Each structure stands twice: as structure tokens, then as C-alpha cells.
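Here the structure comes first, spelled out in C-alpha cells, and everything after it is commentary.
Taken together, the values in this text are just the output of simple stated rules run on the coordinates, not laboratory data. Since the model is a prediction, treat every value here as computed from it, not as a measurement. So basically every Cβ, Gly included, is an ideal-geometry build from the backbone, and we count neighbours across all protein chains shown.
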Amino acid sequence: MEDLQERNQLEQDEFEQNQVILTPGQLVAKRFFRNKLACVGLGIIIVMILFCAIGPFISPYGEYEIFYINSTTGEEVRMKEDSVGGSDMGINVKAPISSAHWLGTDADGRDVMTRLMYGGRISLFVGIIVVAIELVIGVLMGGIAGYYGGAVDMIIMRLVEIFNSIPFIPLMLIISSVLFASGVKPQHKIFWIMGIMGVLYWAGVARLVRGQILSLRELEYMQAAEATGIRTSKKILKHLIPNVMPIIILIATMDIGGVILTESVLSYLGVGIAWPFASWGNMVDVVKQSVILKNYINIWLPPGICILLTVLAWNFIGDGMRDAFDPRMKR
């Protein structure tokens with residue numbers, strides 16, 4: 001009986017020695033990669049990033065090159081053009097799908113595949129930058145409101161309510177008209193849009209961060225930090241903010257898809273990324289022309305699919321991150 005107990009104890013000790021002690025970050029990663037949909041979303045985002053980052057260097061065409069069919073010879077003519085669309089020349093510019101143009105050309109005679117690559121760069125860039133701006137402002141304001149409370153909290157929360165009450169689409173229409181009337185160049189308009197969207201979106205982040213800070217500031221470790229007499233800024237930045245990182249990461253992953261979708265809507269309405277620059281949103285804008293909608297699916301369907309897959313992928317990643325940071329998740 002004693003030999004059996006000793007053997008069982010030895011087996012238990014060996015089992016415990018073989019167990020790998022995982023850090024909190026490793027546990028989060030392990031739970032994340034167990035989520036199949038999250039892995040699929042991560043794979044889609046990696047493919048999209050590679051497609052948009054590397055694709056333009058591989059593509060034999062430029063973003064603004066025009067291709068049109070010569071009405072006399074029937075041959076394709078290639079033009080170096082950076083501003084005037086072929087549709088303004090009174091010629092047939094829509095080249096069909098072929099080995100030279102895998103997705104054909106658009107209404108201005110530009111290669112759709114190449115425009116997808118450049119448009120994806122802008123759409124992804126806008127999503128990441130807008131989320132970065134909203135996180136910086138939202139985390140800072142929410143941290144201050146949650147830590148200080150009282151009058152400071154009341155003022156910041158009233159600001160949050162004001163920003164949440166602003167009608168976004170009408171405001172963007174007004175701002176777009178002002179930028180156009182002021183003669184702002186299309187390449188500069190991109191940065192204006194990113195800045196305005198980031199400033200308008202911080203309110204939701206601030207509200208969530210404030211709620212987390214309110215619950216964290218009463219815990220024992222914060223009372224210990226208070227007793228040491230460290231600066232308030234250090235308490236917020238080194239003790240409170242790191243403990244709300246899970247919610248910040250969740251907000252970032254969920255909001256990037258929403259921002260890309262919003263940018264697409266704005267570009268579709270004509271107040272987003274300005275022509276001749278491409279984004280997935282203004283590439284879909286051509287469906288306003290019934291002829292293209294019915295007869296040239298290759299022009300508007302690919303960017304629509306890219307938007308769908310990218311937004312869906314970010315949502316999958318957000319769901320996976322939410323489950324990974326939840327310690328109650330055992331699967």
C-alpha cells in the first residue's frame with residue numbers, strides 16, 4: 001500500500017514538473033489561437049495587408065495609368081495619365097477582364113486590380129490612424145475622469161455626451177464642403193478626414209475607460225500606491241492604464257472594422273477620399289451609374305468584397321480577443 005502511494009506521489013511530482021508555467025500573455029495567446037474564427041480573421045487581415053503593401057510593387061501598372069480600346073484598330077492603348085479620366089475623352093475606356101487585366105478596367109480606364117491595392121492601403125491606413133487618435137484622446141480623458149471624479153468627471157462626461165450627440169454624417173457633409181471651398185488638395189483631405197473622425201470617436205472610448213478606472217482605483221494595490229506617495233500621473237499611466245489594456249485592445253480591434261466601413265460610406269457619398277485617389281469606398285461609388293451596376297460587375301464587386309472580408313475579419317479578431325482576455329473562458 002505504501003509502495004502504491006509512493007508511486008502515485010512520484011507520478012504526481014513528475015506530472016507537475018512537466019507542466020509549463022505560462023505567463024498571462026501566453027495564456028491570452030493560447031486562448032486566442034484556440035478560437036478558429038479569430039484565426040481565420042487574423043489570416044484574412046494578414047493577406048489583405050500583404051496584398052496592399054506588396055501588391056503595388058509587383059503590379060506592372062501604375063495607379064493612374066489609363067487603358068482604352070482604339071475604336072479603329074480594336075487594340076488596347078496605354079497612356080501615362082495622372083489626372084484626366086478616359087471617360088472625359090469620349091472614348092471607350094472599359095477594357096474587359098483578360099490575362100492583362102484580371103479584373104478589367106474601371107470607368108476611367110484604370111486597372112481595377114491595381115486600384116484595389118492602392119485603395120486598400122488608404123482604407124486600412126485610415127482605420128488604423130483613426131483608432132489610434134481616438135484611443136489616445138479617449139484613454140487620456142477617461143483616465144482623468146475616472147481617477148479624479150467629482151467636478152472633473154462631471155465636466156468630461158458632459159463633453160462625452162455632447163460629442164455623442166453630434167450628427168456625424170451631416171457634419172462630415174458640411175466639413176467636406178468647407179474643405180472643397182477652401183481649395184484643400186485631395187491628398188491633404190485624407191488627413192483632415194482621419195483627424196476629424198478620430199476627434200469625434202473618442203467619446204465612447206472615454207466612457208468605457210472611465211468605468212474601468214472607477215472600479216480599479218479602489219483596489220488594494222492602488223491604496224498601496226497611494227501610500228507610497230508617487231505622482232498622480234505615474235499612478236494613472238503605470239498602475240491604472242495597464243490594467244485597462246484588455247478593454248483598450250478590444251475597442252481597437254472592434255473599431256478598426258467600423259472605421260473602415262464608415263470611411264467607405266463617406267467615400268460612397270462623395271465626402272470621403274477624393275478623386276483621383278482610390279479607396280475601396282469610392283471604388284464602389286460607381287454603382288450610382290446604372291449601366292455600370294448592371295453590366296460591369298467587375299468594377300464594383302471586388303472592392304465591396306474586400307470591405308466585407310476586412311470588416312468581418314476585424315470583428316472575428318475582436319471577438320477572439322474578448323474571449324482570450326476573459327479568465328472564465330476555459331476552451
## Note on the structure
Amide H proximity to THR105 below 5 Å, modelled H, separation 5+ or other chain, gives ALA95, VAL112
## Note on the structure
Applying the gyration tensor rule to the Cα atoms of region 104-200 (axes a ≥ b ≥ c; rounded if a/c under 1.5, else prolate if a/b exceeds b/c, else oblate), the class is prolate
### Query
What GluC sites (Glu not before Pro) in region 214-259 are in a loop by DSSP, with at most 10 other Cβ atoms within 10 Å of the Cβ?
GLU218
### Query
On average over all directions, what projected area in square nanometres does region 158-218 have, based on the convex hull of its Cα atoms?
5.1
### Task
Subtract the Cα-Cα distance of THR232 and ILE162 from 0.36 nm times their separation in residues, and report this length gain in nm to one decimal.
22.4 nm
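Which of the residue pairs LYS189/LYS288; LYS30/LYS238; LYS189/LYS235 have a Cα-Cα distance greater than 29 Å in the structure shown?
LYS189/LYS235
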## Note on the structure
The answer for trypsin sites (Lys or Arg not before Pro) in region 198-305 that fall in a DSSP coil and have at most 11 neighbouring Cβ atoms within 10 Å is ARG231
### Task
Return the FRET efficiency for the residue pair LEU219, ARG34: r is the Cβ-Cβ distance, R0 is 30 Å, and the value is rounded to the nearest 0.05.
0.50
### Task
State, as an integer percentage, the relative contact order of region 112-325 based on alpha-carbon contacts under 8 Å between residues 6 or more apart.
30
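Run the numbers for PHE180 and TRP102: contour at 0.36 nm per residue of separation, minus the present Cα-Cα distance, in nm.
24.6 nm
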